[in-house]
Amino acid sequence: MGAFTWWDTVVLIIYVVGIAWVGARFGKDQESTQDYFLGGRKIPGWAIGLSVMATQASAITFIGAPGWGFEGGLERLATFINVPLAMAVLILVLVPVFHRAGIYSIYELLERRFGALTRSLAALLFLIARGLATGVVLYAPALVLSVVTGWNVNLTIVLMAVIAVSYTVLGGISAVIWTDVIQMFVLWLGAILSMVLMVSSLPGGWGDVFEFGAANGMFNTIDFSLDPTVTYSIWAGLIGGVVMHIAYFGTDQSQIQRVLTSPTIAEGQRSLLIGGYLLVPQMLLFLFIGVMLAAYYQQHGLTAPENLNELFPRYVVEAFPVGITGLVIAGVFAAAMSSLDSALNSLSAVTVRDFYARYVNADADERHYLKVSRWATIFWGLYATVFAFFAGNLGPVIEAVNRIGSWFYGALLGVFLLAILSHRSNGRGAVAGIVLGMAAVWAVSNTDVSWLYQNFVGLVVSLVVGYGVSLTAPAPSREQLADVVIEETAPDMQAILKGRSDAAEIVGRDARLTRWRCIGLVVWFFMALALLGGLQLWANG
Amino acid sequence: MVRLARRLDVSAARAKLERFGAQRFEPAWLSLWAVAIGRPAQAPRAWLMAAEHTPRALLWPGALPAQSTDAEDGTALLDGGDCPSTAEFERWWLWERLARPRRWPLRVQPQTRCAVQLPLWLGYRDGRQVRLIVLSGLSGEALGALKPAVLAALRENWLCSPMRR
């Protein structure tokens, strides 16, 4: 114990090479059973669920959340408590429209609805925002490498960028369900083992942790303050956070791509459902580790590192048994690589599809587009690298990625909701909504108002301005509304469907799957809230 | 014309559609156009299926599971529309690979283009308005992307029906 030994290095190398080999060896088989449209399913649902979680439980969570919890306890959970509600809205409102439209890039919907300018503007915002966030994702494994080796973090950023861009350009690690499942177990093993080790090193065990947490207000999750400058109040989480998560999971191509490439609505919903149920407990787990680390540091009279992102990797290296350290650090590495691979791929795909093939060269052959997509990957790798140098100054990485998103997400979600919910809005209104929505976010970001509210401000301004300005231009045509107006509701179509329905065979009792799924998510939200409220009441006597 | 085998039987379709809130249901076939994905002179690795009214192509791995066209007489036959051009199929295949960058060496094989009939189950959910649920007869999954094609074909069938005249 106490250092990253050569045994750990061997485990790390074997793990990373093994994951890459499994991906290359079994990726092809998976394509025929899981990826392809209409394919038969042979992989159990729980494995698919863990795979979805593995893409969410990135290195960012592993590294950032404990540092975040160390600093502020469980109050930061207010940022994520809204995720079940956000997923319910996505499942009900956005996913059915995206699926019916049959789009590959989410921004295509905006072109069909509002015109090319809106599509390009929204895609550009995505590229800027996701490129910056990718810089933070790149910083996370570089920091781990720096902690493990003692090298300068800027050097490890460049090293990680070269590795990530190289394998993405070469085709990436195939996202095989079973490697994701292994990854998930390794990360959770790391989390649980760290809890066990920390508790066993404290004289009073769990009692010390709860006593420390209660005495230092670390279990005060629910703050009902209406003051907008309180960063993590329950209202900031519910009003701003829910907008942020709807936008993040629904209008960010890197996230919604999984849903767009799902063959069916049900499969797209499944990944959102799993996130809706598991993201809050997972975040609670890693924030709680932060609370435990705070108790551990206090009891052992240790001084925390200046950069709290280093807190948990340092603990893993210092406290874990030889070999297990290597395994957990390798898990963090592989998770970071998987996140980087998918982020760089989505950045490159949007660059090619929404810009290059749209404006520069519309009729090139596939080889040409492949070459362009590789250069785009390299470009975005460089862009992320430059930003990664500054990521260390942004505080806990998990807050940094969400803050970056909050500059863009409100206005982006606003324009998508205008497209879907308002049949009067048009291209002029959409562009005005995005521009003024962003301007409003910029104005609010210069005040003391919680950054979570920025999302809500961007949404409201883009919706109100977008609708108002739309009234100054003609209403959209029937063709422009084709993706968002359900054709089956037209009177003549209703007559046809009624006639067919009357002649068709009776199914049986009514059970609305989607409705039940959404109700389940709302119930889950209230259960999580009640649990945290109970903990807070206990902590405050 | 290749009619794809219906793998989801009546009882399984009934159970699936019940979960989606459908009160009534019926089988149907949707005519589409298929083109193989693979290398020249080799067995197709997958098939892309699309038609005039589908917003993007469906992807079917391996060989097409064909069955006799005599089966299930009387089932509604829906016309998906004209055949998309080879260029459209090639572009769809490009976007599929950009979305999931794999299988770059495989190409659309235009000479393999053929008409296919995809088995479907159509569910009807009554309420303030009648809603249509399109279920794949192959996998049993709901295929929202096929709704525009199915609705267009239902309208076409109705316009051509003797009752209408």
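Read-outs throughout are calculated quantities, based only on the coordinates presented, and are distinct from any laboratory measurement. All values derive from a computational prediction rather than experimental measurement. Glycine also receives a Cβ, built like all others from the backbone with ideal geometry; neighbour counts cover every protein chain displayed.
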Total charge of the residues flanking residue A:431 in space, meaning their Cβ is under 15 Å from its Cβ, with Lys and Arg +1 and Asp and Glu -1, is +2
Which value at 222 nm does chain A reach when only helices count, each DSSP H run of 4 or more adding -39,500 (n - 2.57), with the total divided by all residues and rounded to the nearest 500 deg cm²/dmol? -23500 deg cm²/dmol
Dipole magnitude of the stretch B:2-152 about its Cα centre (Cβ charges: Lys, Arg +1; Asp, Glu -1), debye to nearest 20: 740
Based on alpha-carbon centroids, what's the gap between the stretch A:319-343 and the stretch B:103-165 in Å, whole number please? 45
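Provide B:83, B:114, B:160, A:518 in ascending order of the number of other Cβ atoms located within 10 Å of each residue's Cβ, fewest first. Display every interim value, and only then the final one.
Numbers: B:83 18, B:114 14, B:160 10, A:518 22.
The fewest-first ordering by Cβ neighbours comes to B:160, B:114, B:83, A:518.
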Find the all-direction average of the projected area of the Cα convex hull for the stretch A:428-541, expressing the result in square nanometres with one decimal place. 13.5
Inverse of <1/r> over all distinct C-alpha pairs of the stretch A:287-352, i.e. the Kirkwood Rh in Å, gives 14.2
For residue A:446 and residue A:361, compute 0.36 nm times the residue count separating them, minus their Cα-Cα distance, and round to one decimal in nm. 26.5 nm
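How many times 2.2 N^0.38 Å is the alpha carbon radius of gyration of the protein assembly as shown?
The reported ratio for this selection is 0.99.
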Net charge around residue A:283, counting only other residues with Cβ within less than 15 Å of its Cβ (Lys, Arg = +1; Asp, Glu = -1)? -2
So, counting K/R as plus one and D/E as minus one, what does the shell of residues with Cβ under 13 Å around residue A:476 add up to? +2
What would the Debye equation give as log₁₀ I(q)/I(0) for the stretch B:1-79 at q = 0.12 Å⁻¹, counting only Cα atoms as equal point scatterers? -0.46
Are there any chymotrypsin sites (Phe, Trp or Tyr not before Pro) in the stretch A:211-295 that are in a DSSP loop and have at most 14 other Cβ atoms within 10 Å? List them by number. A:224
In whole angstrom, how far apart do the alpha carbon centroids of the stretch A:346-399 and the stretch A:427-504 sit? 28
Both in Å, the radius of gyration and Dmax of the C-alpha trace of the stretch A:382-475 are 15.4, 49
How compact is the stretch A:328-409 by the rule of thumb for globular proteins, expressed as Cα Rg over 2.2 N^0.38 Å? 1.32
25 Å Cα cut-off, lysine pairs counted over the protein assembly as shown (separation 8 or more, or different chains): 6
Per-residue Cβ contact counts at 10 Å, fewest first, order A:251, A:221 as A:221, A:251
Taking neighbour Cβ counts within 10 Å as the exposure measure, how do A:483, B:79 sort from fewest upward? B:79, A:483
Calculated log₁₀ intensity ratio I(q)/I(0) where the Debye formula runs over C-alpha points of the stretch A:88-176, q = 0.19 Å⁻¹: -0.96
